[in-house]
Amino acid sequence: MSVDVNTRVLQASAEAAETAAECLAAGGLVAFPTETVYGLGADARNSEAVARLYAAKGRPSFNPLIAHVATLSIARRLAVFDAAAEKLAQTFWPGPLTLVLRKQPGCPVSDLATAGLDSIALRVPSHAFARDLLLAFGEPVVAPSANRSGHVSPTRAEHVLADLCGVVDLVIDGGATEVGVESTIVACLNTPTLLRPGGLARGQIERVLGARLISGVETTTTDDDEAPLAPGMLRSHYAPQTRLRLNATDVGPDEALLAFGMQLAPGAAAARRVFNLSKRGDLIEAAANLFSHLRALDAVGATRIAVMPVPREGLGEAINDRLQRAAAPQ
Ligand code: TXA
Ligand code: MG
């Protein structure tokens, strides 16, 4: 499913940052060093690029991604910082800390990148190349660790190439990463909550907050080595208000239709509203549209959202997984 591409390798430099920024702007995938681990970057606003990123990682599910930005002031445009978040960002950014915050209305980051959640994970990395790239690109870059799903996070360009050669457009070689483990993730949605231990010690964060962090769980269920700490602290996936009817082979006049492919389900002409994940039956396009279409149909006020069957190969597995979760009783 992931189209074979010619993977270029460049040594980290100011010129390489410009090249990498151009590649991202064109919808490409760029693996680059950060101070923690290598990230696999895509333009956070470009749903198709984000869908290709999930395909390249071979993620069995759409876990929400961290959006990387150059500065705190750019981050403030994407998310709402409460007092605790401000304090942590001012103290530890740039650096190996990721904050999960409420999305700002009009946040340009793709719904697919945040897996349809109302929150967003943000990080300002300190690595010189990562900063050059983010400044050159000027927009948020989503970047999960640049390994195939289930493998450990890469700390050298060779690790990235071993996993992703032929599926990413560009790999930037910046040598070994300094920290070597992923960033620490703290949610500041109400009480500051540690979602993933990482490169910044819990004690340092607690000292700045003047309070203990409660332990939560990151939304990852299947990726890598990151085990949930204490289930149930955060809502872990997007759930629409309107009930979903999966594998629908027809649609009623009181229902909205989430279609897939050229042939619409019988009844579509009379349905409350129809959105098509991909008319040409392309699973990457379907993934890119999944969360935004669900949101739009949820707002229609139909009694149900009928969802046509989506094939299970490639990204179809993750699409079906998310549809099933969205359809589960809340
Ligand atoms: O050090 C790092 O953080 C590296 C470098 C490349 O920046 N990135 C990284 O990304 O480790 P990834 O995708 O492998 O891990 C991101 C974690 C996932 O476990 C995901 O569940 C969690 O962040 N996450 C992202 N958005 C979230 C949200 N809105 N709520 C809760 N957890 C979230
Ligand atoms: Mg990872």
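The values are calculated or read from the model by the stated rules, or taken from the named source; none is laboratory data. Predicted model only: the values in this text are computed from it and were never measured. Positions of Cβ are backbone-derived with ideal geometry, glycine not excepted, and every protein chain shown enters the neighbour counts.
Some notes on this structure:
- Looking only at segment 81-112, residues that are among the hydrophobic types (A, V, I, L, M, F, W, C) and part of a helix (DSSP H, G or I) come to 6 in all.
- Residue check: PRO96 meets all listed conditions (1) over 23 Å from GLY138 (Cβ atoms); (2) over 16 Å from the mean Cα position of the chain (by Cα); (3) within 16 Å of ligand 2 (Cβ to nearest atom) but one, namely (1).
- Considering residues of segment 296-322 that are surrounded by 20 or more Cβ atoms within 10 Å (Cβ to Cβ) and closer than 22 Å to ALA56 by Cβ only, the residue modelled with the highest pLDDT: VAL310
- Residue check for GLY138: more than 10 Å from ligand 1 (Cβ to nearest atom) and either touching a Ser or Thr at 6+ places or on another chain (Cβ under 9 Å) or at pLDDT below 95 (or both): no
- The listed residue being modelled with pLDDT under 95, among the aromatic types (Phe, Trp, Tyr) and more than 13 Å from ligand 2 (Cβ to nearest atom), out of PHE62, PHE32: PHE62
- Selection from segment 238-252 of residues that are out of contact with any Gly (no Cβ under 7 Å at 6 or more places or on another chain), assigned to a loop (DSSP other than H, G, I, E, B) and farther than 17 Å from ARG312 by Cβ: ALA239, PRO240, GLN241, THR242
- The residue that is farthest from ligand 1 (Cβ to nearest atom), among those in segment 145-169 that are free of Cβ contacts under 8 Å to residues at least 40 places away in the same chain and either surrounded by 18 or more Cβ atoms within 10 Å (Cβ to Cβ) or not small (Gly, Ala, Ser) (or both), is GLU158.
- Unique match (being within 16 Å of ligand 1 (Cβ to nearest atom), hydrophobic (A, V, I, L, M, F, W, C) and either touching a residue at least 40 places away in the same chain (Cβ under 8 Å) or closer than 20 Å to PRO154 by Cα (or both)) among VAL50, VAL80, VAL9: VAL50
- Boolean, GLY28 is in contact (Cβ under 8 Å) with a residue 40 or more places away in the chain and within 15 Å of ligand 1 (Cβ to nearest atom): no
- So ARG207, is it surrounded by fewer than 19 Cβ atoms within 10 Å (Cβ to Cβ) and either of a type in the set (Gly, Ala, Ser) or at pLDDT 95 or above (or both): yes
- Odd one out for ILE172 among (1) crowded, with 17+ Cβ neighbours inside 10 Å; (2) in contact with an Asp or Glu (Cβ under 8 Å, 6 or more places away or on another chain): (2)
- In the set (1) away from ligand 2 (no atom under 16 Å from the Cβ); (2) touching a residue at least 60 places away in the same chain (Cβ under 8 Å); (3) crowded, with 21+ Cβ neighbours inside 10 Å, PRO125 fails one condition alone, (1).
- Any hit, segment 286-295, residues being in a helix (DSSP H, G or I), at pLDDT below 95 and of a type in the set (Phe, Trp, Tyr): yes
- Residue within segment 151-160 that is closer than 27 Å to LEU99 by Cα, hydrophobic (A, V, I, L, M, F, W, C), within 16 Å of ligand 2 (Cβ to nearest atom) and in a strand (DSSP E or B) present: no
- PHE62 fulfils the conditions (1) over 21 Å from ARG131 (Cβ atoms); (2) in contact with a helix residue (DSSP H, G or I) (Cβ under 6 Å, 6 or more places away or on another chain); (3) part of a helix (DSSP H, G or I) except for a single criterion, (3).
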